[in-house]
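Student: Here's a structure for you.
What follows draws every value from the coordinates through simple rules; no lab data is involved. Quick caveat, the model's predicted, so the values are computed rather than measured. Virtual Cβ from ideal backbone geometry, glycine too; neighbours counted across all protein chains shown.
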Amino acid sequence: MKLQGAVVLVTGGASGLGAATVRRLVSGGAKAVIVDRDEARGQALASELGAVYAKADVTDPEQIQAAIDEAQKLGPLRVAVSCAGVGWAARTLDKTGKPHDLELFRTVIGVNLIGTFNVLRLAASAMSKNEVLEHGERGVIVNTASVAAFDGQIGQIAYAASKAGVAGMTLPAARDLGVVGIRVLTIAPGIFDTPMLGSLSEEVRAALAKDVVFPKRLGDPAEYGAMVAAIVETGYLNGETIRLDGGLRMPPK
């Protein structure tokens with residue numbers, strides 16, 4: 001699928017990996033809709049790039065459907081990328097034996113896994129009505145997991161479970177949607193230099209990068225955006241979770 005002229009929707013698109021993805025897709029000629037709860041950042045990025053901003057929570061079906069409807073005013077929705085996510089650190093039992101907060105676990109699963117599925121199902125419904133392109137393709141859906149899906153660390157049980165669920169959806173979703181010409185892929189990023197890490201000292205950042213095989217650094221969000229663009233433009237990629245991590249395998253802590 002060509003990026004030029006394609007309508008794309010990116011959740012979590014106002015900052016971090018999502019913003020980098022929007023920048024890369026727009027630079028390739030796509031027409032973008034930025035979906036995010038942060039109205040100030042979303043509007044600012046949309047104004048800068050000539051994109052459209054839609055305020056929405058990924059767990060809300062009506063809000064996501066409204067964002068998709070907004071995207072389809074620009075043309076048929078061809079690409080949906082889910083970058084919205086949350087994460088909190090907590091062990092299954094703390095040092096006093098107190099169990100993990102169940103509502104916290106539900107919240108992480110709700111945003112990262114259920115929110116991703118909500119976007120996937122509604123975007124797929126819209127894409128299924130598109131005119132077919134070359135080889136019968138109608139659309140591409142890209143989800144975001146994490147290396148924590150496979151190498152979850154101490155205190156990451158909620159986050160790792162949510163991201164493992166995203167990875168686990170990839171192949172069955174691709175099989176479900178292949179009949180209507182929609183590809184589904186997932187990127188599992190390692191440690192990226194996003195605003196979440198921006199307040200950390202250089203010493204801490206260097207420590208985070210030490211287990212990366214090569215290159216010995218944090219990931220650049222632009223590299224995530226480049227991977228999304230490569231997925232969109234490589235029609236034979238489907239049903240796979242791609243680690244984007246410099247060979248990192250996370251230690252227990």
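Student: So between A226 and E39, what do we pick up on full extension, going 0.36 nm a residue minus the alpha carbon distance?
Tutor: The span from A226 to E39 would gain 64.8 nm if fully extended.
Student: Arranged from highest to lowest average of other beta-carbon atoms within 10 Å per residue, in what order do the peptides 84-95, 43-54 appear?
Tutor: Working: 84-95: 14.6, 43-54: 16.9.
The most tightly packed comes first, giving 43-54, 84-95.
Student: Related question: Separation between the I109 and R217 pseudo-spin-labels, each 7 Å from Cα along Cα→Cβ, expressed in nm?
Tutor: That separation, rounded to one decimal, is 3.9 nm.
Student: At what distance in nm do the modelled label points of T96 and S27 sit from each other, each positioned 7 Å from its Cα along Cα→Cβ?
Tutor: Label at T96, label at S27, 5.0 nm between them.
Student: D69 to H135: FRET efficiency via 1/(1 + (r/R0)^6), r the Cβ-Cβ distance, R0 45 Å, to the nearest 0.05?
Tutor: 0.95
Student: Which listed residue (A54, I34, I141) has the Cα farthest towards the positive end of the charge dipole for the chain, taking +1 on Lys and Arg C-beta and -1 on Asp and Glu C-beta about the Cα centre?
Tutor: Going by the Cα projections, it comes out as I141.
Student: Expressed as a rounded percentage, what relative contact order does region 89-200 have, with Cα pairs under 8 Å and six or more residues apart?
Tutor: Answer for region 89-200 is 30 percent.
Student: Where the only charges are on Cβ atoms (+1 Lys, Arg; -1 Asp, Glu), what is the dipole of region 136-235 about its Cα centre, to the nearest 20 debye?
Tutor: The dipole magnitude comes to about 200 debye.
Student: Just order 9-20, 146-157, 128-139, 31-42 by mean Cβ neighbour count inside 10 Å, highest at the front, would you?
Tutor: Numbers: 9-20: 26.8, 146-157: 19.2, 128-139: 14.2, 31-42: 21.8.
The densest-packed peptide leads the list: 9-20, 31-42, 146-157, 128-139.
Student: Could you list which residues have their amide H under 5 Å from that of Y53, counting only those 5 or more apart in sequence or on another chain, with H placed in the peptide plane?
Tutor: I34
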